Amino acid sequence: MAADFTGPFELPGLPAPQLDGILLANALHFVADGEAVLRRLAHWVRPGGRVVVIEYDRRARSRWVPYPISPERLAVLAASAGLSAPAVTATRPSAFGGTLYVAAAERLVVSPRGRP
């Protein structure tokens, strides 16, 4: 399957939410509206499933990282997507500047009233 993750798409034969998790490695920093993209992707994750993000921290905006996402910014995006507060689990200096980090968040269970 090929799809542009920045827009709506369907996963054939898979009703949402059913995935155990999603890994976004060095991807969100290419998207101007990371909030909408993360919200759309998190929709596919079952409650209690994980979203793992690898991104740059302390990296200046550039053509290779046009929309840097610090862990603080990721927390805002995660809350908007119905995810728990992301926990940074690892960091390492990047050979290209800044620091790479890995963060994981869980899809919150939604109550019948539509609230986590």
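Of the residues making up the stretch 43-54, at least one is in contact (Cβ under 8 Å) with a residue 40 or more places away in the chain and charged (D, E, K, R). On the stretch given as the stretch 39-60, residues that are small (Gly, Ala, Ser), surrounded by 17 or more Cβ atoms within 10 Å (Cβ to Cβ) and more than 20 Å from His29 (Cβ to Cβ) total 1.
Of all residue pairs spaced 6 or more apart or on separate chains, those with beta-carbon atoms under 8 Å, a first member in the stretch 4-18 that is in contact (Cβ under 8 Å) with a residue 40 or more places away in the chain and a second member that is of a type in the set (Gly, Ala, Ser) are Pro17/Gly49. Checked against (1) under 26 Å from Leu11 (Cα atoms); (2) surrounded by fewer than 14 Cβ atoms within 10 Å (Cβ to Cβ), Trp64 meets all criteria but (1). Taking the stretch 92-116 as the range and being within 17 Å of Leu28 (Cβ to Cβ) and modelled with pLDDT of 95 or more as the test, the residues that pass are Tyr101, Val102, Ala103, Ala104, Ala105, Arg107. Is at least one residue of the stretch 13-27 in contact with a Pro (Cβ under 6 Å, 6 or more places away or on another chain) and crowded, with 17+ Cβ neighbours inside 10 Å? Scanning the stretch 13-27 turns up no residue that is in contact with a Pro (Cβ under 6 Å, 6 or more places away or on another chain) and crowded, with 17+ Cβ neighbours inside 10 Å.
The values are calculated or read from the model by the stated rules, or taken from the named source; none is laboratory data. These numbers were taken from a predicted model, which means no experiment stands behind them. Using ideal geometry, Cβ is built from the backbone for each residue, glycine included, and neighbour counts are taken over all protein chains shown.
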